[in-house]
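Here the structure is laid out as C-alpha cells; the discussion comes afterwards.
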Amino acid sequence: MPLLKRNRFLLLASAAAGVVVAASVAVIGTAEAASTLGASAAQSGRYFGAAIAAGRLGDATYTGILNREFNSVTPENEMKWDATEPSQGRFTYTNGDRILNQGISMGAKVRGHALLWYQQEPGWAQSMSGTALRNAMMNHVTQVATHYKGKIYAWDVVNEAFADGGSGARRDSNLQRTGNDWIEAAFRAARAADPAAKLCYNDYNTDGVNAKSTGIYNMVRDFKSRGVPIDCVGFQSHLGTGIPGDYQANLQRFADLGVDVQITELDVAQGGNQANIYASVTRACLAVSRCTGITVWGIRDSDSWRTGENPLLFDNSGNKKAAYTSVLNALNAGGTTSPSPSSPSPSAPSPSASTSPQPGGACSASVSLNSWNGGFVATIKVTAGSAPVNGWTVSLSLPSGSAVTSTWSATNSGTTGNVTFRNVSYNGQLAAGGVTEFGFQGTGTGPTATPACSAA
C-alpha cells in the first residue's frame, strides 16, 4: 500500500462492476457473541487486524480503538525499504520497532509489510540495476528479516509484482529486470533469515478470477511444485461499490494449492452497499478454512489513504459505523475453523499434535508443532467445554534445553521447564465449545507432553 494516494482508483472499477453478495447476517445470542473484532475472529482461529502508523500512536482515540478491537497489526510504511534502509547499508528500525512493540503490548500478531516493492524504494536503490541491485535487494531482505526474526507472524515478502490489465504477466520494474527469478530469490532469502515467519506474496486487483490473479496463481503453483518457500497469498481488497461474484471461489482456488490466504488491506468505498460488502468479504474468509485473517487498511475514515471515500469501519470521530456491526455479526455467526497458523520450517516437517481431555465446563488444549534443526513454532488451540469460559490458563512442560523466545496472543510466565500461558484481553472469553489460539516460538525441541488447560 502506498504512502500517498495513487491512480489505483481507476482499477477499482473492476471491483465495482462485480456482484454485491448481499445476504442477511445471522446474529447469535448476546450471551455468546464476542463484542470486539479480534475476539470474534479468534473464535474460529483467525485474526482481525489493522494497518497502523507509528505517527498516530500518540492519538488516544486511535490507540484506544486499536487496543480494544484488533488482534493483529501491520505497519503502513514503517517496515518498507525506504524506511528501513534510507542509505545503502545503514538500517533504521525505530518506527518499525514502534509498530512491533505496539503489537507485542497488545498480545497481537504482527504482519511485516513489505520487504520488496518496486515503489517506495530508497533513492539509492532506484538508481541501481542489474547485479548491483540484486545484491542490494538480497542483503536488504536478509538484514530486515533477521532483525525481526521470531517476532513477525507473516511477511509480505514481495508486493505488487504483477502487471495490471489482461496479460497476467510480471510488472516491468528495476527489480524485475534483475532477472525473472528475483521473487523466488527473495522468498528463499527470507526463509533463510527467519524460518518461523509465514512468507506471503501480496497484490491488489486480484479479488476475483481474472488475468492478474491467474498469473499469480500460476506462479504460486510453480513455486509449490519446486519447493520454493511460499506460505500465503495476500489479497488487498481495496473495493469500490461491489465485490466480484467469484471472490470466495478465488480465495479457495489459491488455498487448494496448499497456501494460506489473507485479506491484507481491506477498505470499501462509502455507499449504500458498504456494510453488505464488508460482511460478504468476512463471510467469504470464514468459508475458506485456509483464510487465516483479515486486515483493514487503517482504523478511522480520517486515517485512510482514500480521502473522501470514508472506506473504514470507524468514522472520523472513532464511532462504529454500520459496516463495523455487519463485520462483527458475520464473525460471530461463525464459519470454518482456520488451520493452526504454525510456520513451516525449511525441511517442511509434518506437524504433530496432542490433545488433553475436555472436561465439561472447563477447557482443553492441543498443540501443533513445526520444527527444524534448533528451533520450533508451537500453536496451541484452546477449546471451552460445556460452559462459557471467562479466562484460561495453559501449562506445558518444555524438554530440557528448550526455551520460549517469543509469544503471541497470550502472556507467558517462565521460558524454560514448566511454562504457563494466560489469555490476553481479547481472547479470554469463550462461548461454550468456542475456540481460540495462541502460539510461541522457541529454541531447542518443541513440547511433546499434553498441555493442561484450566478455565475461570
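Residues in segment 258-298 that are of a type in the set (Gly, Ala, Ser) and touching a Leu at 6+ places or on another chain (Cβ under 9 Å): Ala269, Ala284, Ala287, Gly298.
Of a type in the set (A, V, I, L, M, F, W, C), open to solvent by 20 Å² or more (accessible area, probe 1.4 Å) and under 17 Å from the mean Cα position of the chain (by Cα) - does that describe any residue in segment 124-138? Within segment 124-138, none of the residues are of a type in the set (A, V, I, L, M, F, W, C), open to solvent by 20 Å² or more (accessible area, probe 1.4 Å) and under 17 Å from the mean Cα position of the chain (by Cα). What number of residues within segment 398-413 are open to solvent by less than 20 Å² (accessible area, probe 1.4 Å) and of a type in the set (Val, Ile, Thr)? Counting residues in segment 398-413 that are open to solvent by less than 20 Å² (accessible area, probe 1.4 Å) and of a type in the set (Val, Ile, Thr) gives 1.
Taking every residue in segment 287-309 that is closer than 13 Å to Gly49 by Cα and pairing it with any residue that is open to solvent by less than 20 Å² (accessible area, probe 1.4 Å) and at pLDDT below 95, at least 6 positions away or on another chain, the pairs with Cβ-Cβ distances below 6 Å are Thr292/Ser338; Thr292/Pro341; Trp297/Met1.
Across segment 105-117, the qualifying residues are those that are of a type in the set (A, V, I, L, M) and more than 13 Å from Pro75 (Cβ to Cβ), and the one among them that is most open to solvent (accessible area, probe 1.4 Å) is Met106. Per this entry, Ala60 is not counted among residues that are under 19 Å from Ser127 (Cβ atoms) and either in contact (Cβ under 8 Å) with a residue 24 or more places away in the chain or not basic (Lys, Arg) (or both).
Exactly one residue out of Ala51, Ala13, Ala41 is modelled with pLDDT of 95 or more and part of a helix (DSSP H, G or I), and it is Ala41.
Checking each residue in segment 170-184 for being surrounded by 19 or more Cβ atoms within 10 Å (Cβ to Cβ) and in a helix (DSSP H, G or I) picks out Thr178, Trp182, Ile183. Just one of the listed residues (Gly271, Gly318, Gly298) is at pLDDT below 95 and open to solvent by less than 50 Å² (accessible area, probe 1.4 Å), namely Gly271. Would you say Arg188 is in contact with a Pro (Cβ under 7 Å, 6 or more places away or on another chain) and open to solvent by 10 Å² or more (accessible area, probe 1.4 Å)? Yes: the conditions hold for Arg188. The set of residues in segment 191-202 being touching a residue at least 60 places away in the same chain (Cβ under 8 Å), open to solvent by less than 40 Å² (accessible area, probe 1.4 Å) and hydrophobic (A, V, I, L, M, F, W, C) consists of Ala196, Ala197, Cys200.
Table: residues versus (1) farther than 25 Å from Ala410 by Cβ; (2) crowded, with 24+ Cβ neighbours inside 10 Å; (3) free of Cβ contacts under 8 Å to residues at least 60 places away in the same chain.
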{"position": "Ser40", "(1), (2), (3)": "no, yes, no"}
{"position": "Ile52", "(1), (2), (3)": "no, yes, no"}
{"position": "Arg56", "(1), (2), (3)": "yes, no, no"}
{"position": "Ile65", "(1), (2), (3)": "no, no, no"}
{"position": "Asn71", "(1), (2), (3)": "no, yes, no"}
{"position": "Thr74", "(1), (2), (3)": "no, yes, no"}
{"position": "Asp82", "(1), (2), (3)": "yes, no, yes"}
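Where residues in segment 415-430 are within 27 Å of the chain's Cα centre (by Cα) and open to solvent by less than 40 Å² (accessible area, probe 1.4 Å), which of them is nearest to Thr448 (Cα to Cα)? Result: Val419. Yes or no: segment 107-116 includes at least one residue that is closer than 20 Å to Val377 by Cβ and in a loop (DSSP other than H, G, I, E, B). The answer is yes, given that some residue of segment 107-116 is closer than 20 Å to Val377 by Cβ and in a loop (DSSP other than H, G, I, E, B). Among the residues of segment 203-225, those identified as among the acidic types (Asp, Glu) and open to solvent by less than 40 Å² (accessible area, probe 1.4 Å) are Asp203, Asp207.
So, Trp408, is that one touching a residue at least 40 places away in the same chain (Cβ under 8 Å), aromatic (Phe, Trp, Tyr) and closer than 16 Å to Ala41 by Cα or not? Answer is yes for this residue.
Scanning segment 251-268 for residues that are among the charged types (D, E, K, R) and open to solvent by less than 10 Å² (accessible area, probe 1.4 Å) returns Asp260, Glu265, Asp267.
On the stretch given as segment 210-225, residues that are within 14 Å of Asn180 (Cβ to Cβ) and outside any helix (DSSP H, G or I) total 0. In segment 226-250, of all residues being part of a loop (DSSP other than H, G, I, E, B) and charged (D, E, K, R), the one that is most open to solvent (accessible area, probe 1.4 Å) corresponds to Asp246. Taking the listed residues Gln102, Gln120, the one that is in contact with a Leu (Cβ under 7 Å, 6 or more places away or on another chain), open to solvent by 10 Å² or more (accessible area, probe 1.4 Å), touching a residue at least 40 places away in the same chain (Cβ under 8 Å) and closer than 25 Å to Ala42 by Cβ is Gln102, with no other qualifying.
Checked against (1) under 26 Å from Leu266 (Cβ atoms); (2) more than 15 Å from the chain's Cα centre (by Cα); (3) at pLDDT 95 or above, Gly165 passes all but condition (3).
The values are calculated or read from the model by the stated rules, or taken from the named source; none is laboratory data. The structure presented is a predicted model; accordingly, all values stated were derived computationally and were not measured. Don't worry about glycine lacking a Cβ; one is built from the backbone with ideal geometry, like all the others, and counts go over all protein chains shown. Accessible surface is based on the protein model in full, side chains and every heavy atom, while ligands, DNA and RNA are left aside. Shrake-Rupley method; radii C 1.70, N 1.55, O 1.52, S 1.80 Å.
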